[in-house]
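Enquirer: Structure provided below as structure tokens; questions to follow.
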Amino acid sequence: MLAPDFVSHAPGHWPEVPPADWNDWHWQQRHRVTTLSELEKRLALTREERAGVLLAGTKLALAVTPHFFNLLEPDNPACPIRRQVIPRIEEGWDSPADMADPCGEDSHMPVPGLVHRYPDRVLFLVTDRCASYCRYCTRSRVVSGAGEQELVTDFEEAFRYLEKSPAIRDVLLSGGDALLLSDARLEAILRRLRAIPHIQFLRIGTRVPIFMPQRVTPALCAMLRRHHPLWMSVHVNHPRELTSEVREALGLLADSGIPLGNQSVLLNGVNDSVEVMRELVHKLLLCRVRPYYLYQCDLIRGSSHLRTPVSKGLEIIQTLRGFTSGYAVPQFVIDAPGGGGKVPVNPEYVVSKGDGRIILRNYEGRIYEYPDPVPVPVRHHHAAEFAAL
Ligand SMILES: *Cc1c(COP(=O)(O)O)cnc(C)c1O
């Protein structure tokens, strides 16, 4: 089997930009494509996309970093990268199942900006901005500044809540994207969290290494490694997103001792195929990233055109499990509407259980039986029991 390739798409639409600018994340951030006219200079938009862009101004802003923009196929409206970041007219549709806050986050905030759903960990929304905006964003109600609702995070109150909640041992920084904060601002937050004795484990959920790998500087890595154990979840949906620059950025993070996981969202016309997902998980392992979750797309307003049947996710997992490295197989989950949290959804490998045995189906569909053990109590044995030895 051929090793997958990691190609660079730079400078693409920006041939005139000196490499020193291109490689500067502030330059990338300042030169994001955010308007219809900038978009039309570089892409032949379809009517559906044009209408989508006009709509985006009042819901979820349009923004794509130059690095990521170069991955879009200019002549292919069905391009899987394009579908993730270029708005479409369907965003204006409201399907009856749609919700503004599908994961019920707003009702699980003890403090503005802090979502406390599970007993021992919290989600801390530290900014409302991202490097680029995913059209299926589960937090589109509050990010990007375009919608009606605003994210208000009360940092001092959040730290106080964490200080008086000894059950919380794990804090997940997200937003928005925490890696858009300056090194100094991010470090101030990490330091403050590290000063709370019961907080053991820190993690950052980010798509910045994918949208803007230039952000992953040696200085950022040196800062992050001062706060270990610190883990990171990135968000890659399609193998083409793993460019040579992204692989390098992920390598720097891994070299800094940061265990990396990936969270993909299963999306219609993007990665709802066994072949695409297989290539993705293999490329992730080469980048030292462990596929962590595969999400069923949330019921976010205006995303019905991107959602897939649940059976598609099950089919994908079933074609990976056993057929490839176990490290390459993510857990498929549905974030339960209304705030139930992530629920694992698995292909069925247990055919039946009872009568002291369990009937199993392996990855090839063969049937096996395992006699269910009756526990043997741990005890001291009488001298007589050793007599035979
Ligand atoms: C996803 C999530 C977490 C983290 O869940 P893990 O399964 O531990 O990765 C924590 N809090 C909230 C609100 C979440 O949505």
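The values are calculated or read from the model by the stated rules, or taken from the named source; none is laboratory data. Note that the structure is predicted; figures quoted are calculated from it, not measured. Note that we place each Cβ from the backbone using ideal geometry, even for glycine, and neighbour counts take in every protein chain shown. Calculation scope for accessible area: heavy atoms of the full protein, side chains included, ligands and nucleic acids excluded. Shrake-Rupley method; radii C 1.70, N 1.55, O 1.52, S 1.80 Å.
Enquirer: List, in order, the whole-Hz ³J(HN,Hα) value for each residue of the stretch 330-347 obtained from phi through the Karplus relation with A = 6.51, B = -1.76, C = 1.60 and θ = phi - 60°; use x for Gly and Pro.
Expert: So the J values, rounded to whole Hz, are x, 8, 7, 9, 10, 7, 4, x, x, x, x, x, 6, 10, x, 10, 10, x.
Enquirer: Compute the separation of the alpha-carbon centres of the stretch 275-311 and the stretch 322-365 and state it in Å as a whole number.
Expert: Computed from Cα coordinates, the inter-centre distance equals 17 Å.
Enquirer: Where the only charges are on Cβ atoms (+1 Lys, Arg; -1 Asp, Glu), what is the dipole of the stretch 129-171 about its Cα centre, to the nearest 20 debye? Write out the running numbers ahead of the final one.
Expert: Values: 7 positive and 7 negative charges, 53 e Å.
For the stretch 129-171, the charge dipole is close to 260 debye.
Enquirer: Could you give me the ³J(HN,Hα) list for the stretch 90-101, computed from phi with Karplus coefficients 6.51, -1.76, 1.60 and θ = phi - 60°, whole Hz, x at Gly and Pro?
Expert: For the stretch 90-101, the Karplus curve yields 4, 4, x, 7, 10, 8, x, 7, 5, 9, 6, 10 Hz.
Enquirer: In addition: How tilted is helix 47-56 with respect to the longest principal axis of the chain? Cα atoms for both, answer in degrees (0 to 90, nearest 10).
Expert: Taking Cα atoms only, the helix is inclined about 80 degrees.
Enquirer: Follow-up question, since we're still on this one. Around PRO102, what is the net charge, scoring Lys/Arg as +1 and Asp/Glu as -1 over all other residues with Cβ under 14 Å from its Cβ?
Expert: Local net charge: -1.
Enquirer: Given the DSSP H assignment, sum -39500 (n - 2.57) over each helix run of at least 4 residues in the chain and divide by its residue total; what's the result at 222 nm in deg cm²/dmol, nearest 500?
Expert: -7000 deg cm²/dmol
Enquirer: Positive end of the charge dipole of the stretch 1-347 (Lys, Arg +1 and Asp, Glu -1 on Cβ, about the Cα centre): tell me which of HIS116, LEU180, THR34 has its Cα farthest that way.
Expert: The residue sitting farthest along the positive end of the dipole is HIS116.
Enquirer: Further, regarding this structure: Net charge within 12 Å of VAL208 by Cβ-Cβ distance, Lys/Arg positive one each and Asp/Glu negative one each, not counting VAL208 itself?
Expert: Every neighbour counted, the sum reads +2.
Enquirer: Ignoring ligands, DNA and RNA, what accessible area per residue does the stretch 1-347 give at 1.4 Å, in Å²? Show your work: numbers first, answer last.
Expert: Values: 14190 Å² over 347 residues.
Per residue, the stretch 1-347 has 41 Å² of solvent-accessible surface.
Enquirer: Relative to the present Cα-Cα distance, how much length would full extension add between ASP183 and TRP93 at 0.36 nm per residue of separation? Walk me through the numbers before you get to the answer.
Expert: Working: separation 90, 0.36 × 90 = 32.40 nm, distance 3.94 nm.
The span from ASP183 to TRP93 would gain 28.5 nm if fully extended.
Enquirer: Oh, and also: Please list, in chain and number order, the residues 5+ apart from ASP335 or on another chain whose amide H is under 5 Å from its amide H, with Hs placed from the backbone.
Expert: For ASP335, whose amide H was placed from the backbone, the distant partners under 5 Å are GLN296, VAL343.
Enquirer: Related question: Might you work out the accessible area of LYS59 for me, using a 1.4 Å probe with all protein chains in place, and round it to the nearest 10 Å²?
Expert: 80
Enquirer: What are the ³J(HN,Hα) values, in whole Hz, obtained from phi via the Karplus relation 6.51 cos²θ - 1.76 cosθ + 1.60 with θ = phi - 60°, for each residue of the stretch 115-130 in sequence order, with x given for Gly and Pro?
Expert: Working through the residues one at a time gives 9, 10, 9, 9, x, 10, 8, 10, 9, 10, 8, 8, 7, 9, 10, 10 Hz.
Enquirer: Can you classify the stretch 1-347 as rounded, prolate or oblate using the Cα gyration tensor, where a ≥ b ≥ c are the square roots of its eigenvalues, rounded means a/c under 1.5, and otherwise it's prolate if a/b beats b/c and oblate if not?
Expert: Working: a/c = 1.23, a/b = 1.19, b/c = 1.03.
The shape class here is rounded.
Enquirer: Top to bottom by accessible area (1.4 Å), largest first, where do PHE201, PHE159 land? Before the final figure, lay out each step's value.
Expert: Details: PHE201 40, PHE159 10 Å².
Result, largest first: PHE201, PHE159.
Enquirer: Carbon and sulfur together cover what percent of the accessible area of the stretch 1-347 at a 1.4 Å probe radius?
Expert: Numbers: 7790 of 14190 Å².
Percent of accessible area from carbon and sulfur atoms in the stretch 1-347: 55.
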